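First up is the structure itself, then whatever we jot down about it.
The values are calculated or read from the model by the stated rules, or taken from the named source; none is laboratory data. None of these values were measured; they are calculated from a predicted model. Neighbour counts run over all protein chains shown; Cβ positions are idealised from the backbone, glycine included.
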Amino acid sequence: MNKLGKIALAGVAALWAGTALADGVKVGMITTLSGGGAGLGIDVRDGFLLAVKQSGNSDIEVVVEDDQRKPEIAVQLADKMIQSEKVDVLTGIIWSNLAMAVVPSATAQGKFYLSPNAGPSQLAGEGCHENYFNVAWQNDNLHEGAGAYAKDAGFKNTFILAPNYPAGTDALAGYKRFYEGELAGEVYTKLGQTDYAAEIAQIRASGADSVFFFLPGGMGISFLKQYSDSGIDLPVVGPAFSFDQGILQAVGDAALGIKNTSQWSKDIDNPANNAFVESFQAEYGRLPSLYASQGFDTANLLLSAMGKADIDDADAFRAALKEADFDSVRGDFEFGPNNHPIQDIYVREVIKEGDVLTNKIVGVALEDRGDAYAEKCKM
């Protein structure tokens with residue numbers, strides 16, 4: 001176990017023992033640490049804890065729990081953290097169906113929720129809340145970037161697929177918002193699916209000139225390997241989720257040359273990002289992923305607010321969060337009117353650096369993009 005893992009577990013033990021953190025902030029992190037998609041939650045946790053460690057701030061305590069990618073477990077953990085452990089802030093959830101099960105109740109109880117990943121459209125629009133801040137994106141964003149790239153690349157007949165859950169429906173809606181061609185097919189797969197023979201057969205028979213997919217975690221690994229083995233030679237476009245650092249090593253050379261969209265990349269050249277990439281690799285022995293960068297930014301947002309306001313003064317603390325006065329690894333970062341980011345969406349290409357698969361930025365798909373739902377938010 002690495003040093004930060006020991007810190008996290010120590011924090012859990014102290015909190016369960018009833019140790020109070022005088023005038024500090026207790027953070028409940030509910031994330032996926034086992035089963036399919038565990039790598040995503042591990043990276044969010046590790047990025048968050050690295051920022052806390054680097055801050056040297058002893059007034060923050062982090063409780064880490066595994067939601068097992070099950071909504072009912074996430075709800076139970078949130079209830080325990082809010083009612084028994086008296087946390088001030090919740091964070092960590094990867095999956096949008098879990099976020100929809102947890103966030104509305106948490107914010108209704110006066111808790112702040114800082115999302116390091118899931119950004120369902122419902123929580124960006126009519127379901128927005130002044131205590132809910134998304135530090136990653138609104139779910140549609142990277143898919144909107146992929147649609148914009150596909151349009152610019154001249155694709156006219158794309159086959160699109162995603163899992164049948166909130167982030168999947170947001171993904172295809174986002175792609176279609178900026179893509180101007182026809183659709184050779186539109187398919188929703190099962191969440192957690194690993195066999196894509198039927199979908200690949202549909203792609204083969206569809207007459208498509210390109211493929212767009214959103215299949216995060218192990219789903220994307222399975223699809224890309226099977227797609228590569230199928231012999232279909234159509235260009236593939238996707239969001240960063242299936243081409244991120246941890247995923248690429250599992251996919252292998254099948255991903256080389258694929259274009260994907262992201263609001264972050266390890267080669268964004270600014271001091272905060274350069275330091276983050278170097279320090280993360282030194283601490284954990286691996287390159288950071290998109291998820292790690294989001295965990296890192298989420299912690300630094302929280303720490304910036306703690307430096308300006310007391311958590312017990314909700315209005316002041318909320319205003320401090322809204323200012324987003326921290327050095328994001330993405331560079332420019334600000335919140336829109338619905339507390340979701342306004343940021344650039346990049347086009348990346350999968351390359352090899354030595355024996356390591358990674359990404360490099362090759363263009364910008366969308367500049368200063370907010371989201372399509374902000375006007376529905378009535379905060």
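Of the residues G168, G174, the single one that is among the small types (G, A, S), touching a helix residue (DSSP H, G or I) at 6+ places or on another chain (Cβ under 7 Å) and not in a loop (DSSP other than H, G, I, E, B) is G174. Look at (1) assigned by TED's automatic domain parsing to the domain that holds L114; (2) touching a helix residue (DSSP H, G or I) at 6+ places or on another chain (Cβ under 9 Å); (3) over 24 Å from T32 (Cβ atoms); (4) not in a helix (DSSP H, G or I) and you find that L287 fails only one, number (3).
When you check G147 against the structure, is it in contact with a strand residue (DSSP E or B) (Cβ under 6 Å, 6 or more places away or on another chain) and either assigned to a strand (DSSP E or B) or buried (at least 24 other Cβ atoms within 10 Å of the Cβ) (or both), yes or no? Criteria not met by G147. With respect to the stated conditions, V211 fails to be under 19 Å from L290 (Cβ atoms), aliphatic (A, V, I, L, M), outside the structural domain of I94 (by TED's automatic domain parsing) and in contact (Cβ under 8 Å) with a residue 40 or more places away in the chain. Summed over segment 214-238, the residues that are assigned to a loop (DSSP other than H, G, I, E, B) and either surrounded by fewer than 22 Cβ atoms within 10 Å (Cβ to Cβ) or not assigned by TED's automatic domain parsing to the domain that holds G154 (or both) give a count of 5. In the set (1) in contact (Cβ under 8 Å) with a residue 60 or more places away in the chain; (2) surrounded by 16 or more Cβ atoms within 10 Å (Cβ to Cβ); (3) among the small types (G, A, S), the condition left unmet by S242 is number (1).
Given the structure, is S304 farther than 16 Å from D46 by Cα, touching an Asp or Glu at 6+ places or on another chain (Cβ under 6 Å) and at pLDDT 95 or above? Criteria met by S304. Residues of segment 265-286 being touching a strand residue (DSSP E or B) at 6+ places or on another chain (Cβ under 8 Å) and either among the polar types (S, T, N, Q) or closer than 26 Å to Y149 by Cα (or both), which ones? Passing the criteria: S265, K266, D267, I268, N270, N273.
Here is a yes/no grid of residues against (1) assigned by TED's automatic domain parsing to the domain that holds I30; (2) among the aromatic types (F, W, Y); (3) on the phi > 0 side of the Ramachandran plot:
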| position | (1), (2), (3) |
| --- | --- |
| V103 | yes, no, no |
| Q122 | yes, no, no |
| E126 | yes, no, no |
| N131 | yes, no, no |
| T158 | no, no, no |
| L183 | no, no, no |
| T189 | no, no, no |
| Y196 | no, yes, no |
| I200 | no, no, no |
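State whether one or more residues within segment 304-322 are crowded, with 19+ Cβ neighbours inside 10 Å and not in a helix (DSSP H, G or I). Yes, that holds for at least one residue. Just one of the listed residues (D253, D267) is part of a loop (DSSP other than H, G, I, E, B) and either surrounded by fewer than 18 Cβ atoms within 10 Å (Cβ to Cβ) or free of Cβ contacts under 8 Å to residues at least 12 places away in the same chain (or both), and it is D267. When the test is whether a residue is of a type outside the set (A, V, I, L, M) and out of contact with any helix residue (DSSP H, G or I) (no Cβ under 7 Å at 6 or more places or on another chain), F133 does not pass it. Residues that are surrounded by 24 or more Cβ atoms within 10 Å (Cβ to Cβ) and hydrophobic (A, V, I, L, M, F, W, C) within segment 282-297 comprise L290, A292, F296, listed in sequence order.
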